[in-house]
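One structure is given below, encoded as structure tokens.
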Amino acid sequence: MALAPRPAPAGEGALRAEIVHIGRLIHARDLVDGTAGNLTARLGPRGPLLATPSGLAKGFLEPDDLIVVDLDGRLLAGRPGLQPTSELAMHLEVYRQRPDVGAVVHAHPATVVALSIAGISLAECVIPEAIVFLGLVPTTPYATPSSDENRRAIAGLIGSHDAIVLQYHGSLTVGGSVTEAYQRLETLEHTARIIALSRLLGGGPPLPPDQVAKLLQARAALGLARPADTEEFCLACGVCHAAGDHRPRPALPAWDDTAVEAEEQLVRRIADRVRHALLDKP
Ligand SMILES: [Zn+2]
């Protein structure tokens, strides 16, 4: 079916050029292989989207290779024969949940994927720039690429994260612009390489909580803090207060000798019963 001619909104040419440029960078920096990966960007505050089509290598795109889709994934414009990527549902889920996001990049960064296969999390407090610009990066359970499983895998995470690892598969990074989403991808792969190298060298301790707290203040000052930060950095890095709030953590309850004594009695009673049961056996 031939698509009706569509007048290009102001700025569309620049956005097409930006996507083509970033596609070349992603390929040149080995962040995708073959025809893998996909990029989308909003053409206006409420959509439609400019998107890389299915089956074309991201390193060799021309501006008129890009297609236009609406926020339900319907093809609105594009050269004959070009179709939306099978990963579009994952992108649409991001735009549905995040009005602040202007662009989404899905790639296959090798070290990120290798660490996810090895079961090594990127949600560690070890790289200052990663803490500031990415926060703690979650890893989804494995989901079949190009299926709706990927959309479901990121649905519970994308509201509170700008970078996600897709286990055994790749990455999803978002930003206000295509360039910002790409920069997060670069930082993600760079962080993964450092973590992999440090593990090969025997590893080392994470940053202490007071240093992580300072980085979280910088993250908040740059407007990058996400809703899940407070709880996640408490669990992963021991920074158990909001950035800028230096209230001391609640003290641990005092040692209770009576409780210890009761526990010892309980252990003794269980041991007696086990011994009794064993001795009673024919
Ligand atoms: Zn993929």
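The values are calculated or read from the model by the stated rules, or taken from the named source; none is laboratory data. Keep in mind that what you see is a predicted model, and the values were worked out from it rather than measured. Using ideal geometry, Cβ is built from the backbone for each residue, glycine included, and neighbour counts are taken over all protein chains shown.
Kindly indicate whether any position in region 178-190 is farther than 19 Å from residue 25 by Cβ and in contact with a strand residue (DSSP E or B) (Cβ under 6 Å, 6 or more places away or on another chain).
For region 178-190, residues farther than 19 Å from residue 25 by Cβ and in contact with a strand residue (DSSP E or B) (Cβ under 6 Å, 6 or more places away or on another chain): absent.
Among the numbered conditions (1) hydrophobic (A, V, I, L, M, F, W, C); (2) free of Cβ contacts under 8 Å to residues at least 24 places away in the same chain; (3) buried (at least 16 other Cβ atoms within 10 Å of the Cβ), tell me where residue 118 comes up short.
The failed condition is (3).
Quickly run through region 42-67 and pick out the residues that are assigned to a strand (DSSP E or B) and modelled with pLDDT of 95 or more.
Of everything in region 42-67, those that are assigned to a strand (DSSP E or B) and modelled with pLDDT of 95 or more turn out to be 42, 49, 50, 51, 53, 67.
Which of the numbered conditions does residue 142 fail, given that it passes all the others? Conditions: (1) more than 14 Å from the ligand (Cβ to nearest atom); (2) within 14 Å of the chain's Cα centre (by Cα); (3) free of Cβ contacts under 8 Å to residues at least 40 places away in the same chain.
For residue 142, the failing item is (1).
Based on what the data block shows, is residue 156 more than 16 Å from the ligand (Cβ to nearest atom) and over 14 Å from the mean Cα position of the chain (by Cα)?
no
If you check 14, 28, which single one turns out to be without any contact (Cβ under 8 Å) to a residue 60 or more places away in the chain, surrounded by fewer than 14 Cβ atoms within 10 Å (Cβ to Cβ) and within 26 Å of residue 169 (Cβ to Cβ)?
After ruling out the rest, the residue left standing is 28.
In region 82-98, which residues are part of a loop (DSSP other than H, G, I, E, B) and either at pLDDT below 95 or polar (S, T, N, Q) (or both)?
Once the filter is applied, which keeps residues that are part of a loop (DSSP other than H, G, I, E, B) and either at pLDDT below 95 or polar (S, T, N, Q) (or both), region 82-98 yields 83, 85, 86, 87.
For region 188-230, which positions are part of a loop (DSSP other than H, G, I, E, B), in contact with a helix residue (DSSP H, G or I) (Cβ under 8 Å, 6 or more places away or on another chain) and within 26 Å of residue 101 (Cα to Cα)?
222, 224, 225
Residue 199: surrounded by fewer than 24 Cβ atoms within 10 Å (Cβ to Cβ), basic (Lys, Arg) and either farther than 25 Å from residue 20 by Cα or within 16 Å of the ligand (Cβ to nearest atom) (or both), yes or no?
For residue 199, the condition - surrounded by fewer than 24 Cβ atoms within 10 Å (Cβ to Cβ), basic (Lys, Arg) and either farther than 25 Å from residue 20 by Cα or within 16 Å of the ligand (Cβ to nearest atom) (or both) - is met.
How many of the residues making up region 22-41 are of a type in the set (Val, Ile, Thr) and either near the ligand (Cβ under 10 Å from one of its atoms) or outside any helix (DSSP H, G or I) (or both)?
3
Restricting to region 99-126, count the residues that are part of a loop (DSSP other than H, G, I, E, B), within 16 Å of the ligand (Cβ to nearest atom) and touching a helix residue (DSSP H, G or I) at 6+ places or on another chain (Cβ under 8 Å).
The qualifying residues number 1.
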